[in-house]
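One structure is given below, encoded as structure tokens.
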Amino acid sequence: MPKLVTLTIDGQAVTVPEGTLIVDAAKRIGVDIPVFCYHPKMEPVGMCRMCLVEIGRPILDRATGQFLRETDGSIRVQFGPKLDTACTTPVTEAMVVRTTTEVVRDARKDVVEFILTSHPLDCPVCDKGGECSLQDQTMRYGRPQSRFEFDEKLHLGKHIPLGELIYLDRERCIQCGRCVRFQSQLADDPVIGFYERGRRLEIRTYTEPGFKSYFSGNTTDICPVGALTTADFRFGARPWELRPAASLCNHCPVGCNITFDVRREAGSAGQRVIKRAMPRQNEAVNEIWMCDKGRFAYHFSESDQRLTQPLIRQDGRLVPTTWEAALELAASRIKAAGAGLLTLVGGRLSNEDLFNLKQLTASQGGKATLYSAMGGGDLTASMGLSADSNLADLKKNSAILVAACDLEEEAPIWWLRVSQAARHGATLVVVNPRPTKLDRVASYTIRYAYGAEADTVHALVGAATQEGNSQLSLAAKALAEAENLVVFFGSEGLGLTGSQSLAQACAELLVQTHHVGRPNNGLVGVWPAANVQGAWDMGFSPDPSLGSSLARSGVALIAAADPAGDDPALAEALDEAGFVVVQELFLSETAKRADVVLPVQAYTEREGTFTSGERRVQRYFPAIPPREGTRADFTVTAQLAHLAGLTLNDSSAAAVFAQIAALVPGYHGLSYQVISQAAPQWPQVGRHDMYYGGTIYDNMQGLGCQLPLVAPDHAQAEEGMRSGEIPPDSGTRAQEKDLLLAVPVTRLYDRGQTLLPSDLLHQRLAQAGLIVVNPAIAASLKLNLGQAATLSVDNQVWPVVIDINPGVPDGIALVPRSVGLPVTHPVYAHLAPAG
């Protein structure tokens, strides 16, 4: 425990840990010290001088080292001749701070007046108006009149795009440096910075495309003025017109807490529409941050390509029909299929959707299948993070292992939190076949050849008990001796079999080093979607023979998955299925092959729960009204079940969750009320004092609950260990000149179905058919950057576009997932120039 010190601020005694800054100590007792440049998540710089206060320090007796005291017994205090910055001064024992004296008030007036000398008077048209720190503090601390001439104001550029996502108004910038420091200190992307000096100091971007960072939107949240705005909200609404709706990001397994700001608009016939997505504080999940994918990729829910009417196949084509007719047809075929029912689900469904689908499938004796090429969910349920775990607690004496994962691409906020843990003293071991950005802060970096993922982690297990000075031995010893150990495993270059083997190896490492069953220890799967862990918990698991299972099914019931769009082989298998029912947002390639298509609601239009990769169950709320003609997935399934002779709840997600709590291991005792409980968090941020933490929303709608560990399923874990994924003829075929091992990797900005409708991100999306090779391979095959080429996989030829990266190992072609190429596991392929 840190040493505590007691001081007095404006007559109030406060006890805080040693090293706490005065501005934070004051905040804990409700004393607001105004700031512009200071932010509680970043190192202080004392640039703006708005936080000046009077500080009295106790006088020590040099002979005894004790405090000198007045005649009444109080400690004698001496105030300095000048004011000090509260944001850079740590507290000390018996310190006395004054924040409301006349000299302090005059200093604040002067600072505000100086800031306003070149600040434009455009509050009525500024996007920040109504949530602007400068506006609020001018009213509270500024002078009623300025002594500077209006004509002396410095006029700078306005509406300057820093890339296509963020706009800069240089006149409004007060040079607090928050944005620059966030990008440098937290995001480790110093892609913007100060240029020039004095009054001509300005922010510039140094990358192409501009502001190239996955975290750029956060700078608009912490900007204290209207200098930085997002492209989708700029001139879109006034803050006081907006109504917040608590939600979760549905793009990755982190489970970021967010808020959708909505308002009614004439252009939408008076309906509520989403105007922007904002972070919602949850210090155990995303703190106060979110990535740009989560911020800008909600537009799929408002796409005009959404399905709004059921479809059935007649005379070989899909035609509109009524809900009653579609449900009757689908239910009759499901009932007739019995055990021939195959239910295939995607990881973007809620727990409530998944539960009802599992119940329907079980009632028919069918097969519940998760559409995923990543295994290990059984192991994370039994060996994952337990209650009271928080990555922020991983500092000195803690360790983190990240295996087969490009964490920034797969789960950016986890990358942010893991890199911060490393900077705060945690030992970080990165095990990956190629360099990633996480290497910058890693204590140990271990490379291996694609296909040796599990073997490398097993080697760490063995090396933990052996003496040695190799990178592997030192890393193994650090992991074994750590007080806490969290292991993240991903799917870099892996399919289902390889990822299951990797998960098993990581689980063995945790067991052998005794890092299971207590807070801040355990296994975390970096899943490809938001609720893959929830799908495992509800009883779904991947099928290594999905193609043959689809082809043999009497009825394939597919929800939130597009196997036909991802893999031609699965499309052919789907064509062989007896009958296909699809619950979907869009007319996907899979939906185009269906016999019945049922239009469903987007998660922004309904409530439900997700279970994050850290096994935290969290609730989201409806933000906008459902699209007319759509229904929630759990409702559709319950209505199908009713017609098939099974009673399931079709009206209330809360009622379905109550059944989950009663029947699903690990969820006992949970309810919407329990997971919706909130508690005070530090730092104290929110809409009531935006000058301190920014425009982030505080969390009043629930922090979620982490699940207890459940008994392991050893049989399923061992099944994935039986074989590797690298093709067996690697020794001979690898000698062919144009033959490469194509391996799947994850790109944050892929071409997934929920990302493509967001036009704002199109410039950042991976190109269709993109593959990545190193310069040597490109030169040997006479391929240039951006050149069209062909990739031959399993006797099929695919058009591709070449990207070149020196970090790609020799003999390897990286194939991003969801770009239109059917590479779900390592496979040998021929690469050649097009034509």
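The values are calculated or read from the model by the stated rules, or taken from the named source; none is laboratory data. Just so we're clear, the structure is a prediction, and the values are computed from it rather than from any experiment. Ideal geometry is used to build each Cβ from the backbone, glycine not excepted, and the neighbour counts take in all protein chains shown. For accessibility, only protein heavy atoms count, side chains too; no ligands or nucleic acids. Shrake-Rupley method; radii C 1.70, N 1.55, O 1.52, S 1.80 Å.
Any of Lys3/Lys41; Lys158/Lys293; Lys3/Lys477; Lys3/Lys27 with alpha carbons more than 29 Å apart? Name them for me. Check vs 29 Å cut-off fails for Lys3/Lys477. Sorting the segments 616-623, 480-487 by their residues' average number of neighbouring beta-carbon atoms within 10 angstrom, most packed first, yields 616-623, 480-487.
Positive end of the dipole of the stretch 316-423 (Cβ unit charges, origin at the Cα centre): among Trp415, Gly365, Ser389, the Cα lying farthest that way belongs to Gly365.
For the peptides 230-242, 669-681, 429-441, 489-501, the ranking by packing is 489-501, 429-441, 230-242, 669-681, with the highest mean count of neighbouring Cβ atoms within 10 Å listed first. From most to least packed by mean Cβ count within 10 Å, the peptides 141-152, 770-781 give 770-781, 141-152.
Pairs of Cα atoms nearer than 8 Å and 6+ residues apart set the relative contact order; for the chain it is 13 percent.
Take every DSSP beta bridge whose two residues both sit in the chain; close to 60 percent of them are antiparallel.
Assuming a viscosity of 0.692 mPa s and a temperature of 37 °C, what translational diffusion coefficient in µm² per second does Stokes-Einstein assign to the chain, Rh being the Kirkwood radius over Cα pairs? Rounded, D is 114 µm²/s.
Ordering Lys335, Lys477, Lys782, Lys41 by accessible surface, largest first, gives Lys782, Lys335, Lys477, Lys41; the 1.4 Å probe counts only protein heavy atoms, with every chain in place. Using a probe of 1.4 angstrom and keeping all protein chains present, the accessible surface of the stretch 510-556 works out to 30 square angstrom per residue. Please work out whether the stretch 189-228 counts as rounded, prolate or oblate from its C-alpha gyration tensor, where a ≥ b ≥ c are the square roots of the eigenvalues and a/c under 1.5 means rounded, while otherwise a/b larger than b/c means prolate and anything else oblate? Because a/c hits 1.5 or more and a/b fails to exceed b/c, the stretch 189-228 counts as oblate. Across the stretch 219-234, coupling constants 3J(HN,Hα) worked out from phi with the 6.51/-1.76/1.60 Karplus curve, θ = phi - 60°, read 5, 6, 6, 8, 5, x, 10, x, 6, 10, 9, 7, 5, 7, 9, 4 Hz, and Gly and Pro carry x. Estimate the FRET efficiency between Ala231 and Asp151 by the formula 1/(1 + (r/R0)^6), using the beta-carbon distance for r and 35 Å for R0, to the nearest 0.05. Step by step, r from the Cβ atoms, then E = 0.60. A viscosity of 1.002 mPa s and a temperature of 20 °C, combined with the Kirkwood radius over Cα pairs in Stokes-Einstein, give a translational diffusion coefficient for the stretch 341-478 of 122 µm²/s. In this structure Asp794 has an accessible area near 120 Å², from a 1.4 Å probe over the protein heavy atoms.
Sort out for me the Cα centre separation of the stretch 414-471 from the stretch 765-835, rounded to whole Å. Cα centres, the stretch 414-471 to the stretch 765-835: 27 Å.
Rounded to whole Å, give me the distance from the Cα center of the stretch 39-91 to that of the stretch 570-621. If you average the Cα positions of each part, the centres end up 60 Å apart. Largest accessible area first, the residues Tyr195, Tyr691, Tyr206 order themselves as Tyr206, Tyr195, Tyr691 under a 1.4 Å probe with ligands, DNA and RNA left out. Would you work out if the stretch 250-340 is rounded, prolate or oblate? Take a ≥ b ≥ c from the square roots of the eigenvalues of the alpha-carbon gyration tensor; rounded if a/c is under 1.5, else prolate when a/b is larger than b/c, oblate otherwise. It comes out oblate by the Cα gyration axes. Taking a ≥ b ≥ c as the square roots of the Cα gyration tensor eigenvalues, with a/c under 1.5 meaning rounded and otherwise prolate when a/b beats b/c, else oblate, which class fits the stretch 619-705? It comes out oblate by the Cα gyration axes. The dipole here belongs to the chain: it is taken about the Cα centre, uses +1 on the Cβ of Lys and Arg and -1 on the Cβ of Asp and Glu, and is about 1700 debye. On the chain, 50 percent of the accessible area sits on carbon and sulfur atoms, based on a 1.4 Å probe.
Arg518 contributes an accessible area of around 90 Å² to the protein surface, as traced by a 1.4 Å probe with all chains present.
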